[in-house]
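Worksheet for the structure shown next.
The values are calculated or read from the model by the stated rules, or taken from the named source; none is laboratory data. Since this is a predicted model, take the numbers as computed values, not measurements. Positions of Cβ are generated from backbone atoms using ideal geometry, with glycine treated the same way; all protein chains shown enter the neighbour counts. Quick note on the areas: whole protein, heavy atoms, side chains included, nothing else; ligands and nucleic acids left out. Shrake-Rupley method; radii C 1.70, N 1.55, O 1.52, S 1.80 Å.
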Amino acid sequence: MTQHRFFVPPEWIHEKSVTLYGATAHQVRNVLRLRPGDRIVVLDNTGWECEVELQQVSSSSVIGWIIEERPAMGEPRTRIVLYQAALKARKFEFVLQKGTELGVSEFVPIICERSVVGDVSDLDSKLERWQHVIREAAEQSHRGRLPILRAAMMFALACQEAVAANACAFILSEHDAQFSLKHALANITSNERKPPAAFSLLVGPEGGFTNEEIYLAAQYGVQAVQLGPRVLRAETAGLVAASVILYEMEQD
Ligand code: SAM
């Protein structure tokens, strides 16, 4: 039976014992109705996980004993940073949830020329909810670390950071790209001795990137790539690109 997994603050772990508090304790006790003797997996977001046997499950506290510590296996070797244009809250949550399941390591909301004002103003007010969406998806998908959700960033700064931080930076463009993502990755894998450690992906808003944005990205060294002849929704494109890159780079 799959053991329930919980990311917890490191300070909840004291040597060989773990004490759960708040919503996590409530979920174990009242929702999942776990009992002493049951086992859960606890992660402290360092890339390790602890198998824990529950010792005490009461209204006052939930305490477990660490049976085994092991590396968490759910992390991709390739780090993907997804610079996703602001979207309607529901769509952005979809990107966070599915991107977490797929293995994206960092999400950065970006503000583009055609970003919708309402979507942008939503960004700050939704951060706490979106952290919760990421945590739930990371626990469900057996991630070893929590993907990071950064504060919103202007497009130009995102281009600058995307290239500085990661060897491979792509802007997804349905009509301005000289190469397909497939072609760009084939180039990388045939030229580089070992696969790049990280990729940045910039995805446009529902209205798409402007020509000026595509041009500016190129000035920073961000390569425009296409994902095929069909026009994907803004919340689909980044997920497709992340899947393709991880599939290509993570093959053992
Ligand atoms: N220009 C599109 C249209 O005519 O409907 C609107 C942009 S599309 C809905 C949103 C974003 O998804 C684009 O800015 C681009 O980043 C990405 N995208 C969608 N389809 C793509 C494709 N086939 N190749 C590369 N990127 C794509």
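Just give me the residues in the stretch 148-172 being closer than 26 Å to residue 130 by Cα and assigned to a loop (DSSP other than H, G, I, E, B), in sequence order.
The answer is 150, 151, 152, 166.
Within the stretch 42-62, is even one residue touching a residue at least 12 places away in the same chain (Cβ under 8 Å), open to solvent by 70 Å² or more (accessible area, probe 1.4 Å) and within 19 Å of the chain's Cα centre (by Cα)?
yes
Scan the stretch 218-252 residue by residue and report those that are more than 13 Å from the ligand (Cβ to nearest atom) and not in a helix (DSSP H, G or I).
Within the stretch 218-252, 221, 250, 251, 252 qualify.
Tally time: how many residues in the stretch 240-249 are open to solvent by 20 Å² or more (accessible area, probe 1.4 Å) and either without any contact (Cβ under 8 Å) to a residue 12 or more places away in the chain or under 16 Å from the mean Cα position of the chain (by Cα) (or both)? Explain how you work it out, then say what you get.
Step one: of the stretch 240-249, the residues open to solvent by 20 Å² or more (accessible area, probe 1.4 Å) are 240, 243-244, 247-248.
Adding the requirement that they be either without any contact (Cβ under 8 Å) to a residue 12 or more places away in the chain or under 16 Å from the mean Cα position of the chain (by Cα) (or both) leaves 240, 243-244, 247.
Matching residues across the stretch 240-249 total 4.
Does residue 87 satisfy the condition of being in the same structural domain as residue 241 (by TED's automatic domain parsing) and surrounded by 21 or more Cβ atoms within 10 Å (Cβ to Cβ)?
On the way: in the same structural domain as residue 241 (by TED's automatic domain parsing): yes; surrounded by 21 or more Cβ atoms within 10 Å (Cβ to Cβ): yes.
In short, yes.
Could you please give the count of residues in the stretch 4-16 that are loosely packed, with under 14 Cβ neighbours inside 10 Å and at negative phi?
The total comes to 5.
Kindly list the number of the only condition in (1) over 12 Å from the mean Cα position of the chain (by Cα); (2) surrounded by 16 or more Cβ atoms within 10 Å (Cβ to Cβ); (3) part of a strand (DSSP E or B) that fails for residue 122.
Going through (1) over 12 Å from the mean Cα position of the chain (by Cα); (2) surrounded by 16 or more Cβ atoms within 10 Å (Cβ to Cβ); (3) part of a strand (DSSP E or B) one by one, residue 122 breaks only (3).
Would you check if residue 203 is assigned by TED's automatic domain parsing to the domain that holds residue 179 and near the ligand (Cβ under 8 Å from one of its atoms)?
Judged against the criteria, residue 203 is a match.
Among the listed residues 180, 173, 115, which satisfies the condition of being among the hydroxyl-bearing types (Ser, Thr, Tyr), open to solvent by 10 Å² or more (accessible area, probe 1.4 Å), at pLDDT 95 or above and within 12 Å of the ligand (Cβ to nearest atom)?
Step by step, each of 180, 173, 115 is checked, and only 180 is among the hydroxyl-bearing types (Ser, Thr, Tyr), open to solvent by 10 Å² or more (accessible area, probe 1.4 Å), at pLDDT 95 or above and within 12 Å of the ligand (Cβ to nearest atom).
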